[in-house]
Each structure stands twice: as structure tokens, then as C-alpha cells.
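Below is one structure; the comments refer to it alone.
Values quoted throughout were computed directly from the atomic coordinates according to the rules given, and no laboratory measurement underlies them. Bear in mind the structure is a predicted one, so any value in this text is a computation, not a measurement. Glycine also receives a Cβ, built like all others from the backbone with ideal geometry; neighbour counts cover every protein chain displayed.
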Amino acid sequence: MNQDPLAVDPAQVPSRQLASGARMPAIGLGTFGSDSVSGEAIAEAVLDAGRLGYRHFDCAAVYSNEHLIGPALKKLIASGVKREELWVTSKLWNDKHSEKDVVPTFHKTLKDLQLDYLDLYLIHWPFPNFHPPGCDVNFHDPNAKPYIHESYMKTWRQLEKLVDEGLVRHIGTSNMTVPKLKLLLRDARIRPACNEMELHPHFQQPELFEYVRAQGLEAIGYCPLGSPGRPERDRTPEDTSPTEDPVILGIAKAHGAHPAEICLKWAAQRGQTPIPFSAKRRNYMANLRAVVQDPLTDAEMTAIAKLDRNCRLIKGQVFCWKENQSWEDLWDVNGVITPA
Ligand SMILES: NC(=O)c1ccc[n+]([C@@H]2O[C@H](COP(=O)([O-])OP(=O)(O)OC[C@H]3O[C@@H](n4cnc5c(N)ncnc54)[C@H](OP(=O)(O)O)[C@@H]3O)[C@@H](O)[C@H]2O)c1
């Protein structure tokens, strides 16, 4: 194992200790190809990245590639990486929240990934709805629902059952807000271990980030590079790009690094777990090395902390439960759950 000169010793990669005592590698490989990278190419990247030192993989049923990633994980394990060294996350999609759907949907993911347990299973979004893959940003599902806490708890109870059965080591949330998490933490029998949320230098979410950490949850940061390859439907004219920020460019120059690497160093040093996507060996290896070598100085960390622009890139428009509704309603911007 790890004969390749490019390989990074997984023991050198920082990790986060969860409330359970388990350790999660503090960088993962994202597996959503933004509709432009094939599932086959992503599965190949998973296997190669695993051989080169990645241990954490962020999957989801809605990425439609778990059946391809499964064989890659199997080969990785057959090549000598122990299952217990891996951290595999998956997520329950929005059209599978109903009590009867959760367990069968989970088993489909487990079978596709060719595993007998998951390290982390997340509720992908707190809103039940259906939309066809790749649909336009203006698509509206007439049956879309707002956040209804009683319904969310019914879904959560099914996740708790999966933990009881030893099929999932940890359960968690994604795309939550402080008021929604407060209710969940009040009512959960098994607490969420992690919250997956958009996090990059232009969207630092300080209040939610601090809340998550104060509650003993780990913050997993998606779009850590500002998702430069995201689909057209997820772009608006107001969006900004952290990898083009002059401060990031200046720090990158000082480190002889790509701006993407600076975003990842910042993320890992701030205490979140970035899950950058790439299916290009040069890039995914640079990303892993970024969190192992050549840390940012305190002054650089402070300079990046000042770059927050509250620029949310993944707004979730298609998950609105009413027609012509502002996407901001999804995010409880007034500090209370937006009424139905
Ligand atoms: N929970 C959720 O709701 C949610 C939402 C969105 C995403 N996610 C997860 O988060 C992961 C990451 O998000 P993302 O893929 O949208 O955004 P991202 O990781 O911020 O950006 C990925 C893009 O950055 C480029 N890139 C990667 N490393 C690079 C490097 N070293 N130098 C230059 N460019 C580089 C990639 O291009 P190349 O392919 O050319 O390298 C790709 O286009 C997803 O794959 C998914 O697993 C979760």
C-alpha cells in the first residue's frame, strides 16, 4: 500500500474527534460531479484517491453514482485498506423522508456502496419534496412541504433505529439552521454527530458554525472552493468566487499554492471538515496535501476571516414549498423557522 510517491500517509491527515469518540478524517472527497463528470470517472477517482491516502468519502443517493462507488470501495478494501479506517457518509434524499421509505432507501444505499455499515447517514435537506434530476431552477413541486418538525422527527426516529441496529455509526443533518437544530437537539434520542453546510471564505456562516460546534457537532463544509464547476442552474449574477478573491490570491502566491489549496487550509485550520470535489488526480492530491503541509499563519487566518460576504451559492430555490417564494425562506434568516 501507498507505494506511489504521490501518496500521503493517512496518519498525517488531521482528524476530528466526534462526541462518540470516533475520529473522522478532517478532509473528505466530494462525489457530486455537478452533472458534468461521469459516475465512472468519480468512482475511479474514489479508488485512486483511496490508494493515495484519502479515507473520507462524501456520498449521496441523489448523486446517482453510489452503485459505481461501491465497487471502488470494495477494491480499495481488497487492496488492504481496512474498512474501519474509512469514513463513508451518505444522505437520504428529499423524496424519501416518509417513515416507510427511510429504511429501504438506506438499504439500497448500503447495497450500492457494497458496505455493511455507514459511518454517517444524513438527512440531505430538511424539506420533503420531489424534483426531477437536473431540472430548471424555476421548477416547482406542487407537493413540496416546508419544515414540519413533527414530520422531521418521524424521519429522524428511523435514522435512530438504523443506529440501534448497528447499520449506521452516526447520524446527522445537512442544510439546517439554528432554530431547526434547536428543536432537533431538544427531541432527539440520538443526537446528530455532524451538520453538513455550505462553508467557504465568502460564506463562513459564523453563527451557525459556532452553534454547531458549541453543541458538540462537527461542521462538514460543502462547496469549500466555492464550487467553481457547479451547474448553471445554481448560479446567480450576485455570486462571488473565493478562489478569485484578491486576498486569497495574495496568500496563494506567498505559499506557492493554488487558491483552492488556501481555501482548504483555512477550512481545516478553522475547525471544519471540507469535502472538496475533484476527479482530477492533480487536484484531489493537491487538496489532500493542502491540509497536511504548510499551514496558514495566524495573520493569514485573520485576513481570511474578514472576507465573509454572506454569499450563499447553493440557495435551494427548487425546494421552496410555495410558488414565487424567496429562497431565503429556506434559511430562516430572521432567526425563527419561516412559517408555512
Ligand atoms: N449536503 C449538501 O447539500 C451538499 C451540497 C453541495 C455539495 N455537497 C458535497 O460537497 C462536495 C463539494 O462541493 P462542490 O463539488 O459543489 O464544490 P467544491 O468542492 O467547492 O468545488 C469543486 C470544483 O473545484 C475544482 N477543484 C477541485 N480542486 C481543485 C484544485 N486543487 N485546483 C483547482 N480547482 C479545483 C473542481 O474542478 P476539477 O474537477 O477540474 O478538479 C470542481 O469543479 C460535493 O461533491 C458533494 O459531495 C453537499
Among beta bridges that DSSP assigns inside the chain, antiparallel share in %, nearest 5:
15
When the scattering of segment 192-289 is computed by the Debye formula from its Cα atoms alone, each counted once and equally, what is log10 I(q)/I(0) at q = 0.10, 0.13, 0.19, 0.22 Å⁻¹?
-0.28, -0.47, -0.96, -1.19
How much length is gained if the chain between CYS135 and ARG83 is pulled fully straight, taking 0.36 nm per residue apart and subtracting their Cα-Cα distance, in nm to one decimal?
15.1 nm
Where labels lie 7 Å past Cα in the beta-carbon direction, separation of GLU165 and ARG191 in nm:
2.6
Which values of log₁₀ I(q)/I(0), to two decimal places, follow from the Debye formula for segment 49-118 at q = 0.13, 0.17, 0.21, 0.27 Å⁻¹ with a uniform point scatterer at every Cα?
-0.36, -0.59, -0.85, -1.26
Which aspartates and glutamates does LYS180 reach when only Cα atoms under 17 Å apart count, and residues fewer than 8 places away in its own chain are ignored?
GLU150, GLU196, GLU198, GLU207, GLU210, GLU218, GLU328, ASP329, ASP332
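If we sort 316-324, 261-269, 233-241 on the protection proxy, mean other Cβ atoms within 10 Å, highest first, what's the order? Write down the numbers at each step before the final one.
Numbers: 316-324: 16.7, 261-269: 25.4, 233-241: 13.2.
Most protected by this proxy first, the peptides run 261-269, 316-324, 233-241.
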Could you state the per residue volume, in Å³, of the convex hull enclosing the Cα atoms of the chain?
127
Mind giving me the nanometre distance, one decimal, between the label points for ASP298 and HIS107, set 7 Å out from Cα along Cα→Cβ?
5.6
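For segment 1-66, what's the relative contact order in percent, using C-alpha pairs closer than 8 Å and at least 6 residues apart? Could you put the intermediate results ahead of the total?
Numbers: 70 pairs, mean separation 24.8, N = 66.
Relative contact order for segment 1-66 comes out at 38 percent.
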Any of LYS82/LYS154; LYS82/LYS111; LYS154/LYS322 with alpha carbons more than 27 Å apart? Name them for me.
LYS82/LYS154
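Could you calculate the contour length gain from LYS306 to GLN215, that is, 0.36 nm times the residue separation minus the distance between their Cα atoms, to one decimal place in nm?
Roughly 30.3 nm would be gained on extension.
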Pairs of alpha-carbon atoms within less than 8 angstrom and 6+ residues apart define the contacts here; what relative contact order does the chain have, in percent?
20
Check which residues have an amide H placed less than 5 Å from LEU29's amide H, if you skip close sequence neighbours.
HIS56, PHE57, ASP58
Proximal lysines relative to LYS306, as straight alpha-carbon distance under 24 Å, when same-chain residues fewer than 8 apart are discounted:
LYS253, LYS265, LYS315
Using Cα pairs under 8 angstrom and six or more residues apart, how large is the relative contact order of segment 78-138, in percent?
45
Place the peptides 52-63, 95-106, 279-290 in order of packing, highest mean first, counting for every residue the other Cβ atoms within 10 Å and averaging per peptide.
52-63, 279-290, 95-106
Computed lengthening from LEU6 to ASP239, 0.36 nm per intervening residue step minus Cα-Cα distance:
80.4 nm
